[in-house]
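Shown next, in structure tokens, is the structure this report addresses.
The values are calculated or read from the model by the stated rules, or taken from the named source; none is laboratory data. Not measured: the values here are computed from a predicted model. All Cβ positions, even for glycine, are placed from backbone atoms using ideal geometry, and neighbour counts span all protein chains on display. Protein only, heavy atoms only, side chains kept; ligands, DNA and RNA dropped before computing areas. Shrake-Rupley method; radii C 1.70, N 1.55, O 1.52, S 1.80 Å.
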Amino acid sequence: MNPRDDHPHEECGVFGIRMEEGAAAPRLAYYGIYALQHRGQESAGIAMVRPDGSIGLHKGMGLVAEVFSEQTLAGLEGHAAIAHTRYSTTGSSTLENAQPLLAQSKLGTLAIAHNGNLVNAGVLRDLLEETGTVFHTTNDSEVILNLISRRARKGLETALTETLQVIQGSYAMVLLTPEYLIGVRDPRGIRPLCLGEIEGGYVLASESCSLDAVGARLVRDVEPGEILIIGKEGVRSIMSTERTFLSTCSFEYIYFSRPDSILDGTSVYLARKQAGRILFRESPVDADLVSGVPDSGIVAAEGWSEASGMPYAQTLIKNKYVGRSFIAPAQELRERTVHVKLNVLRPNVAGKRIVLIDDSIVRGTTSSRLVQMLREAGAREVHFRIASPPVRYPCYFGIDIPTRAELVAANKDLEEIRKMLGVDSLAYLSVEGLIEAIGGRHDYCTGCFTGMYPLSAAIERGKYVMEESSRTPQGR
């Protein structure tokens, strides 16, 4: 059993860097996506502008450190590069779907790395195929790449802006041509992207922790609908549309992003700690200690402890050396071997009344097993607190949240979930509490909690079809 089965899976991480001629951009790109490994563990890749002006590519299946050896990195040269680490929310997990992707056009070779999902990718793919386009992957990024390539004769700016008028959904992407590094964020700013400055150049990344990893300074977040074109003359900004509205994915603050990142001006760490404080204010309970499920529940538990005066203690220990290469046991052995990944710290559990805090519940399967482990270790009471609202709706913008049929909060009320988990009490953070914790400065995307999405979508996942009215776009 995977201890993260009860949580949404990560999306993707993107990184781009352009420096002075002769710089070792691919190696810095390696460090950049290494810092973004938490956003995707299926594949990794780097595309770079070689010293002769051509664009090269190295990618593979697995973790960043598995795809790139010291010998591999020694053979990658260039002053500009983009990189990607992937979890497949659209398209199967195959080498063909690994990014970056390359295409030939009148602009020369063009490389792309993309985080997010297009809600109209199927329609666009059909239209392109009808006019002779042959696709080699099943992901959205190749659709974007082909749309830009078809407009390349109009010049880079026009090709980009016209493509962005056509695609709908979420995207934070970096592109590379022999002359330019380009960053693009969707008009709702759902997926994060930031700009950093490094000696001799600039960096684009999904999270600011990636800038720290290469010694870059955070300049600012890329604005919704903004296109940044970075060349030897510096950074140029153009807007793809006037209809923009910042709706950052709230799950970035709850779970996806690293706590040391700053997203749209808000510290992820402080947001999680504040969520724990507000969770105590909304749903207090008397207990002996508070503890967090490793890793993303820990900071919220610290906030609960500060607000309540209740001591914080570890109750679950995570084996940090178990990664994607761990061989999953057969079904009948999974419950017995869950202790390989998470185990109970018995001295802190036996005879205690425990408040256990996690960031979210999706299916509820792993949460119930963790509670059972605490009970078996002698916990007298277990009170479960969730530092986010109930997940009742799927996500269509780059997070692998399943259909409503699989979401426990969409099919059971609070008391039914409490009984299923086997806890003495259960409470979630309210939507209002979540917005307060993040900072409340803009309209975050809370579609997976409320069913209200920042733009309309009509796509099918399995047998479930969703079509929601968008919120009214506002100027920014």
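Of the residues making up region 224-233, those that are outside any strand (DSSP E or B) and open to solvent by less than 60 Å² (accessible area, probe 1.4 Å) number 2. Of the residues examined, Ala25 is not one that is in contact with a helix residue (DSSP H, G or I) (Cβ under 7 Å, 6 or more places away or on another chain) and modelled with pLDDT of 95 or more. Of all the residues in region 262-290, those that are open to solvent by less than 10 Å² (accessible area, probe 1.4 Å), farther than 22 Å from Val391 by Cβ and not aliphatic (A, V, I, L, M) number 0.
Candidates are the residues of region 434-449 that are at pLDDT 95 or above and surrounded by fewer than 21 Cβ atoms within 10 Å (Cβ to Cβ); the one that is farthest from the chain's Cα centre (by Cα) is Glu436.
Annotation note: Cβ proximity below 9 Å between a residue of region 201-214 that is farther than 17 Å from Ser237 by Cβ and in contact (Cβ under 8 Å) with a residue 24 or more places away in the chain and a residue that is open to solvent by less than 10 Å² (accessible area, probe 1.4 Å) and among the basic types (Lys, Arg) (sequence gap 6+ or interchain) occurs for Ser206/Arg39; Ser206/Arg191; Glu207/Arg39. Within region 117-127, at least one residue is of a type in the set (A, V, I, L, M) and in contact with a Phe, Trp or Tyr (Cβ under 8 Å, 6 or more places away or on another chain).
Could you list, in sequence order, the residues of region 194-220 that are under 27 Å from Thr244 (Cα atoms) and part of a strand (DSSP E or B)? Spell out how you get there, then give the answer.
Narrowing region 194-220 to residues under 27 Å from Thr244 (Cα atoms): 194-197, 202-211, 217-220.
Residues satisfying the conditions are Cys194, Leu195, Gly196, Glu197, Tyr202, Val203, Leu204, Ala205, Arg217, Leu218, Val219, Arg220.
Among the residues of region 406-433, write down those that are part of a helix (DSSP H, G or I) and among the acidic types (Asp, Glu). Before the answer, list the steps.
Applying the first criterion (part of a helix (DSSP H, G or I)) to region 406-433 yields 406, 408-411, 414-421, 431-433.
Within region 406-433, Glu406, Glu415, Glu416, Glu432 qualify.
Could you tell me how many of the residues in region 299-324 are open to solvent by 10 Å² or more (accessible area, probe 1.4 Å), closer than 18 Å to Arg369 by Cα and free of Cβ contacts under 8 Å to residues at least 60 places away in the same chain?
Kept after step one, since they are open to solvent by 10 Å² or more (accessible area, probe 1.4 Å), are these residues of region 299-324: 299, 302, 305-314, 317-324.
Subsequent filtering for residues that are closer than 18 Å to Arg369 by Cα retains 314, 317-319.
Add one more test, that the residue is free of Cβ contacts under 8 Å to residues at least 60 places away in the same chain, and what stays is 314, 317, 319.
Qualifying residue count for the region: 3.
Condition first: more than 13 Å from Cys448 (Cα to Cα), surrounded by fewer than 22 Cβ atoms within 10 Å (Cβ to Cβ) and of a type in the set (Ser, Thr, Tyr). Can you find one or more residues in region 368-384 that meet it? Looking for residues that are more than 13 Å from Cys448 (Cα to Cα), surrounded by fewer than 22 Cβ atoms within 10 Å (Cβ to Cβ) and of a type in the set (Ser, Thr, Tyr), one finds at least one in region 368-384, hence yes.
Just to be sure before I move on: is Ser237 in contact (Cβ under 8 Å) with a residue 24 or more places away in the chain, among the small types (Gly, Ala, Ser) and surrounded by fewer than 23 Cβ atoms within 10 Å (Cβ to Cβ) in the structure I sent? It would help to see each step written out before you state the result.
Working: in contact (Cβ under 8 Å) with a residue 24 or more places away in the chain: no; among the small types (Gly, Ala, Ser): yes; surrounded by fewer than 23 Cβ atoms within 10 Å (Cβ to Cβ): yes.
Against the criterion (in contact (Cβ under 8 Å) with a residue 24 or more places away in the chain, among the small types (Gly, Ala, Ser) and surrounded by fewer than 23 Cβ atoms within 10 Å (Cβ to Cβ)), Ser237 does not qualify.
Of the listed requirements (1) assigned to a helix (DSSP H, G or I); (2) crowded, with 24+ Cβ neighbours inside 10 Å, Arg191 misses just one: (1).
The criterion of at least 3 residues that are within 21 Å of Ser257 (Cβ to Cβ) is met, among helices (runs of 4 or more DSSP H) falling completely within region 23-134, by 25-34.
Return a yes/no flag: does region 205-214 have any residue that is more than 21 Å from Asn117 (Cα to Cα), of a type in the set (A, V, I, L, M), surrounded by 24 or more Cβ atoms within 10 Å (Cβ to Cβ) and within 19 Å of the chain's Cα centre (by Cα). Yes, because at least one residue in region 205-214 is more than 21 Å from Asn117 (Cα to Cα), of a type in the set (A, V, I, L, M), surrounded by 24 or more Cβ atoms within 10 Å (Cβ to Cβ) and within 19 Å of the chain's Cα centre (by Cα). With respect to the conditions (1) among the basic types (Lys, Arg); (2) surrounded by fewer than 24 Cβ atoms within 10 Å (Cβ to Cβ); (3) within 30 Å of Ser430 (Cα to Cα), Arg185 falls short on a single one, namely (2).
Looking at Thr337, Thr365, which is the one that is modelled with pLDDT under 90, open to solvent by less than 60 Å² (accessible area, probe 1.4 Å) and not basic (Lys, Arg)? Only one candidate qualifies: Thr337.
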